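No lab work stands behind these numbers, since they all come straight from the coordinates. A quick note: this is a predicted structure, and the numbers were derived from the prediction, not measured. Reconstructed Cβ throughout: ideal geometry from the backbone, glycine too, with neighbour counts over all protein chains shown.
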Amino acid sequence: MASQNRDPAATSVTAARKGAEPSGQELMTLMMSGDKGISAFPESDNLFKWVGTIHGAAGTVYEDLRYKLSLEFPSGYPYNAPTVKFLTPCYHPNVDTQGNICLDILKDKWSALYDVRTILLSIQSLLGEPNIDSPLNTAMIHTLNLVSWTVTEP
């Protein structure tokens with residue numbers, strides 16, 4: 001009898017967030033967000049593979065650049081983070097030559113509350129604010145150090 005008192009809407013929402021592909025609702029939220037410079041869509045009819053686009057943030061060296069990314073969602077999504085990679089080459093301290101991204105929310109700081117919008121905005125922010133304490137591209141860090149030394153020395 002207790003099952004008759006359950007809210008069917010609450011049950012379906014919970015089921016939708018239990019280890020499933022990104023939902024159509026997640027796509028609609030991203031499309032309706034009004035966030036500038038980010039977009040993503042399923043690659044085809046496979047909701048586990050998406051292609052995203054990020055425009056470099058204003059006021060950064062990436063400002064006029066556009067990057068394509070791949071997002072692959074594991075069967076444990078949203079409890080496990082998707083694998084996100086740059087498809088367009090990106091010269092950045094936190095992006096290696098294969099397009100892998102060093103971003104805490106894609107690793108140990110992942111939360112099931114994050115969605116595609118959060119991921120894309122975080123990567124867009126990372127472009128303008130690199131984390132030099134956790135580089136994937138050590139050659140880029142060396143370049144940044146040389147530029148910094150050249151600018152600060154008389």
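Obtain the radius of gyration and the Kirkwood radius of the range 19-152 from its C-alpha atoms and give Rg over Rh.
Radius of gyration relative to Kirkwood radius: 0.99.
Using r as the Cβ-Cβ distance of Asp64 and Lys107, and R0 as 41 Å, what FRET efficiency do you calculate, to the nearest 0.05?
Calculated transfer efficiency: 0.90.
Could you pull out the pairs from Lys49/Lys85; Lys85/Lys107; Lys68/Lys109 whose alpha carbons sit more than 18 Å apart here?
Too far apart for the 18 Å limit: Lys68/Lys109.
What nm distance separates the two modelled labels at Asp45 and Ser33, each placed 7 Å from Cα along Cα→Cβ?
With each label point 7 Å from Cα toward Cβ, the separation is 2.8 nm.
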